[in-house]
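Worksheet for the structure shown next.
The values are calculated or read from the model by the stated rules, or taken from the named source; none is laboratory data. Predicted, not measured: the structure shown is a model, and the values here were computed from it. Cβ atoms come from the backbone with ideal geometry, glycine included; neighbour counts cover every protein chain shown. Accessible surface is based on the protein model in full, side chains and every heavy atom, while ligands, DNA and RNA are left aside. Shrake-Rupley method; radii C 1.70, N 1.55, O 1.52, S 1.80 Å.
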Amino acid sequence: MSKQALSFSRKDPAKFFKTLNKRVNDYFKENEIKRTGNWKLYTKAIVMFSLLIVPAVLILTIDGLPGWAQILGMVIVGVGMAGVGMNVMHDANHGSFSSKKWVNKLMGSSIYILAGNDYNWKVQHNVLHHTYTNIQGHDEDIDAGRVIRFSKHAKWYSFHKYQRFYAFFLYGLLTANWAITTDFTQTYRYLKRKLAYGKMPNPATQWTKLIIGKIVYYSIWVVLPLALGFKWWEVLLGFLIMHYTAGIILSVIFQLAHVMPNTETPVPDEQGNMKNTWAIHQLFTTSNFSPKNWFVEFYTGGLNRQVEHHLFAHISHIHYSKLAKIVKDTAQEFSLPYNEYHTFWQAVAEHYNQLKELGQKPSLAS
């Protein structure tokens with residue numbers, strides 16, 4: 001599908017989003033609280049950075065640590081990597097971690113520790129995903145090339161019949177791909193298309209930041225362990241364990257929000273017009289899960305409440321549990337969907353079923 005210009009409908013005669021926005025604004029005014037993070041978020045940031053850093057330091061400094069302990073330690077590092085991504089980097093690069101821009105920029109730069117690049121992430125996530133959610137050919141989050149079919153509008157290949165079996169295995173490669181190839185190909189594409197979240201960067205500056213970022217990244221996670229006497233295969237194994245753990249966590253959490261039986265993948269008409277307004281589009285294309293599980297809410301950085309996040313990405317995730325009732329009640333009042341699965345495992349099972357459904361050969365009628 002070509003990158004045609006898209007336009008969301010401006011027709012909202014019932015004024016859903018205007019009503020919802022007023023109610024959310026009233027919530028913050030009445031409770032006299034900021035929309036950004038507070039001590040709860042900052043405490044979580046310390047926890048997640050500790051999970052990322054402490055096991056790595058212990059592995060590098062304790063002589064004679066058993067192999068099983070090193071493996072477990074790298075799994076925990078991967079858990080911490082995903083935790084930093086969901087709780088710190090994500091809020092910061094949406095500008096909601098703090099009311100201070102420099103703090104958001106600093107915390108958003110944590111993506112470099114995770115093998116990513118802030119320019120690429122902001123374009124893919126903030127611009128393409130949040131604007132064109134679940135629209136084939138525009139939202140890169142549902143574009144896995146040929147290997148996985150995330151939309152009924154994507155081309156079908158015979159091997160997609162088995163994607164429900166191999167997709168979860170491939171999910172673990174997400175952050176490893178960032179580290180090796182994805183960042184370079186994204187920078188090339190986004191600069192060529194002149195895409196940016198905010199000010200367009202100077203191409204030379206972006207390429208320089210990308211290359212220096214990779215050098216620093218590999219110096220920390222590969223060169224340093226080698227210099228401290230670890231064998232090359234030990235470093236490689238630890239690197240893969242860390243990335244696979246983080247990759248599968250991040251991939252599954254994000255897929256449970258959009259590639260589900262209860263979410264839609266709408267397409268524009270021939271003129272590039274979408275049926276719904278942007279806000280209503282988010283309700284049809286996004287789903288929540290585990291709304292009452294405190295651990296899921298804590299660890300995923302509120303990404304179990306993607307409905308609230310997509311409507312109010314500029315608000316820190318620590319407020320989503322309170323906003324959820326406002327959003328749900330307003331959606332129901334306007335006879336609009338509020339997609340939600342009660343548990344994490346129910347959502348995983350439904351995602352598996354959706355992969356199975358999308359893996360079937362489309363009928364000629366469809």
Any residue at all in region 90-103 that is closer than 18 Å to Thr245 by Cβ and either open to solvent by less than 10 Å² (accessible area, probe 1.4 Å) or in contact (Cβ under 8 Å) with a residue 12 or more places away in the chain (or both)?
yes
Scan (1) modelled with pLDDT of 95 or more; (2) out of contact with any Asp or Glu (no Cβ under 9 Å at 6 or more places or on another chain); (3) in a loop (DSSP other than H, G, I, E, B); (4) among the small types (Gly, Ala, Ser) for the single condition Gly78 breaks and write down its number.
(3)
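Yes or no, residue by residue, for (1) more than 22 Å from Val252 (Cβ to Cβ); (2) of a type in the set (Val, Ile, Thr):
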| site | (1), (2) |
| --- | --- |
| Thr133 | no, yes |
| Asp143 | no, no |
| Arg149 | no, no |
| Lys155 | yes, no |
| Thr175 | no, yes |
| Gln186 | no, no |
| Tyr190 | yes, no |
| Lys194 | yes, no |
| Gly198 | yes, no |
Name the residue, out of Thr175, Thr185, that is among the polar types (S, T, N, Q), surrounded by fewer than 16 Cβ atoms within 10 Å (Cβ to Cβ) and part of a helix (DSSP H, G or I).
Thr185
Checking Phe230 against (1) part of a helix (DSSP H, G or I); (2) modelled with pLDDT of 95 or more; (3) more than 20 Å from the chain's Cα centre (by Cα), which test does it fail?
(1)
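Conditions tested, residue by residue: (1) under 30 Å from Pro201 (Cα atoms); (2) not in a helix (DSSP H, G or I).
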position	(1), (2)
Gln124	yes, no
His129	yes, no
Gly145	yes, yes
Ala154	no, yes
Leu170	no, no
Qualifying positions in region 6-23 - surrounded by 12 or more Cβ atoms within 10 Å (Cβ to Cβ) and charged (D, E, K, R)
Asp12, Lys22, Arg23
Give the residue that is farthest from Glu308 (Cα to Cα), with candidates limited to residues of region 334-358 that are without any contact (Cβ under 8 Å) to a residue 40 or more places away in the chain and either in a helix (DSSP H, G or I) or β-branched (Val, Ile, Thr) (or both).
Ala349
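Restricting the search to region 194-213, which residues are under 21 Å from the mean Cα position of the chain (by Cα) and assigned to a helix (DSSP H, G or I)?
Within region 194-213, the first condition is being under 21 Å from the mean Cα position of the chain (by Cα), and the residues that meet it are 195-198, 210, 213.
Result: Leu210, Gly213.
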Just wondering, is there one or more residues in region 54-62 that are of a type in the set (Gly, Ala, Ser), assigned to a helix (DSSP H, G or I) and open to solvent by less than 20 Å² (accessible area, probe 1.4 Å)?
yes
Of all the residues that make up region 325-366, how many are out of contact with any strand residue (DSSP E or B) (no Cβ under 7 Å at 6 or more places or on another chain), hydrophobic (A, V, I, L, M, F, W, C) and open to solvent by 30 Å² or more (accessible area, probe 1.4 Å)?
7
I'm trying to understand the selection: among the residues of region 75-89, which are more than 17 Å from Trp121 (Cβ to Cβ) and either free of Cβ contacts under 8 Å to residues at least 40 places away in the same chain or buried (at least 22 other Cβ atoms within 10 Å of the Cβ) (or both)?
Ile76, Val77, Gly78, Gly80
Could you count how many residues in region 272-294 are free of Cβ contacts under 8 Å to residues at least 40 places away in the same chain and either of a type in the set (A, V, I, L, M) or over 13 Å from Ser321 (Cβ atoms) (or both)?
0
Residues satisfying the stated conditions in region 110-138, i.e. open to solvent by less than 10 Å² (accessible area, probe 1.4 Å), under 20 Å from Thr285 (Cβ atoms) and over 13 Å from the mean Cα position of the chain (by Cα)
Asn134, Ile135
Out of everything in region 24-41 that is open to solvent by less than 70 Å² (accessible area, probe 1.4 Å) and among the aromatic types (Phe, Trp, Tyr), what residue ends up being farthest from Ile326 (Cα to Cα)?
Phe28
